[in-house]
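So the structure is just underneath, and the comments pick up after that.
The values are calculated or read from the model by the stated rules, or taken from the named source; none is laboratory data. Note that this is a predicted model, so its numbers are computed, not measured. So basically every Cβ, Gly included, is an ideal-geometry build from the backbone, and we count neighbours across all protein chains shown. With ligands, DNA and RNA removed, areas are computed over all heavy atoms of the protein, side chains included. Shrake-Rupley method; radii C 1.70, N 1.55, O 1.52, S 1.80 Å.
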Amino acid sequence: MLSERQGAATFPPATGRKPVVAGDVPLPEGPTDTLGLPVARPGSAGDRDEPAVLLIEDDPGDALLVEELVADTTPGLNLTWVRSLAEARVELARGLPECVLLDLHLPDAQGLEALAMVQEIAGGVAVVVLTGVAEEHTGLAAVAAGAQDYLVKGRVEPELLGRAVRYAIQRKQTEQASAALQAGRLRAEENARLERGLLPTPLLREPAEVDVVTRYRPGRAQALLGGDFYDVVQTSDGTVHVLIGDVSGHGPDEAALGVGLRIAWRTLVLTGVTGARQLHSLEEILVAERVGEQIFATLTSVALAPDRRRARVIRAGHPGLLVRHEDRVEWMEAPGGPALGLLPAGLAGWPVHDMDLPSGAGLVLFTDGLFEGRIGPAGERLGEEGLLEVARRVARLEPETFVDTVIDRAEFMAEEHGGLADDVAVVHVRWNGKASATP
C-alpha cells in the first residue's frame, strides 16, 4: 500500500524527517547554494548504501510502480515522493537528495520546462527523467538539455532502476568535477594574462647601462591575483623611470585596474608627462575605472636622471624605499601625498622630491606585503624597521641575490604565524658604471 502524507510520501519512511506540508517552506539548515537552498552534503552518495532519491510524479499509480521497483532494488534507495514542483521546492528546501526522478507531465510544469525548473532549484543534483513509451525522443531531448539519464515507464526493471540512479549520481559528480577543473584552468589563464599586464618586461633603450631586478610573489594561499604592479621605462633622453604600485583588494577587477594604471603610467612617461600632473592623470583613470568608491591605489614613481647623480621621487600613499650604497642600506621616505582615489577630485596634491644619488647606489622599491607579515605570537609585524634590519644584514650581496634573500627571510620570519598574507612586488634598479662627469 502506498504510504502517503500531506505533501510528500516516503518509501520507507525517512528516519528523523518531519512531514512535508505543502506551502510550509522551512528555513534551510546548513550550507546553501546561490538560490538560498541547501547544498548536497559531500560524499553522501558514496558513503551511504541507500542514496536519497526524490520522485516528482503526480500520478499515484505510477508512483506506486516506482515504489515497487525500489522495494526490489538491491542495494536499496531511500525514496521520497512529491506530486508537483511546488511540493518539490518545499522538499528540496529541507535538504538536497543525490538524485531526482522526474516525470515530465506535472500539474505545474510540462516537458523540458519541468527539467529546467528542477535544475534551477537544485542544479547540483543528478536528474533521471521518466517518460512514456511513446515519448522516448523526449527523454533523449532531456539528456541533451542536462539530465543525466532517462527511463521509459513500463520498461524498467528493479536492477535497471538502481543502476540508472547510481550511474546518474556518479555522472553528475564527474560533470561537476570537470566543470570545476575547466573553470580553474580558465581562471589560471586569465590570471596569467593579467599578471603579464601587471608585471611587464622593462623597456630600456640601453639595457647595459641599467641593472634592473624585479620580483613578484603571490600572498599565502592566494587564489585571486592581487593588484600589485610595477614598470621600468627609459625615455629617449636617457632618464630611467621606475614605478611600483598597489591597488587595494584582490580579484580580477583590482588586477585589471592595476594593469590599466601601469599601462597609463608608461604612456604618460613616454609622452613626457611626469610629476604631479602624471599622478593627477592616473587618479582620474582610477576613479573612472574602479568598481567601487572604496578602491584606491598607492604608488611611488622615481626618475633616475641620465647624469646618474640625481633622482626625482613622487609618492602617493606608498611606503618609502631603500637606498643601497656600498655596504650600507638606508630607509628613504620622500614627502608624499595621499593614495590615489582617497580624496575628492582636485583636492589631492603630491610634492616632487629631488634627491642626490651616490655613485653606484641602488634603489629598492616594494609593496607593503613585504613587511606586513606577522612574525610574533601576539600579532607583531615585521614592519619597516624590521625590513630595514633584514636588508642591512645582507647589504653586501649582489642585487639579484639581495632581493631574493630579503624576500626569503621575510617569508621565513612570518612562516610560523600565517606567512606573508599579501602579494609582494619588488624592483631593484641601479646604474652600471660611473656617473657622468657633466652634472
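Suppose R0 equals 35 Å; then what is the FRET efficiency for ARG392 and ASP354 from their Cβ-Cβ distance, rounded to the nearest 0.05? Spell out each step's value before the answer.
Numbers: r = 25 Å, r/R0 = 0.72.
That pair, ARG392 with ASP354, gives E of 0.85.
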Item to check | Sequence of VAL133, VAL242 when ordered by accessible area, the most exposed leading, probe 1.4 angstrom | outcome: VAL133, VAL242
Checklist entry - Considering the alpha-carbon set of the range 74-171 alone, what are its Rg and its Dmax in angstrom? => result 12.5, 35
Checklist entry - How many nm separate the modelled label positions at SER178 and VAL273, each set 7 Å beyond the Cα in the direction of the Cβ? => result 4.9
Checklist entry - Which order do LYS153, LYS172 take by accessible area at a 1.4 Å probe, largest first? => result LYS153, LYS172
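Can you work out the FRET efficiency for the pair GLU415 and TRP331, with r the C-beta to C-beta distance and R0 = 22 Å, to the nearest 0.05?
Numbers: r = 24 Å, r/R0 = 1.11.
The formula returns an efficiency of 0.35 here.
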Checklist entry - Dipole size in debye (nearest 20) for the range 292-439 around its Cα centre, Lys and Arg Cβ +1, Asp and Glu Cβ -1? => result 740
Next on the checklist: Please give me, ordered by residue number, the trypsin sites (Lys or Arg not before Pro) of the range 240-332 that lie in loop per DSSP and have at most 12 other Cβ atoms within 10 Å.
Outcome noted: none
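DSSP loop (so not H, G, I, E, B), at most 16 other Cβ within 10 Å: list which GluC sites (Glu not before Pro) in the range 257-314 pass both filters. Intermediate results must be reported in sequence, preceding the final value.
Numbers: sites: GLU283, GLU284, GLU289, GLU293; in loops: GLU293.
Answer in residue order: GLU293.
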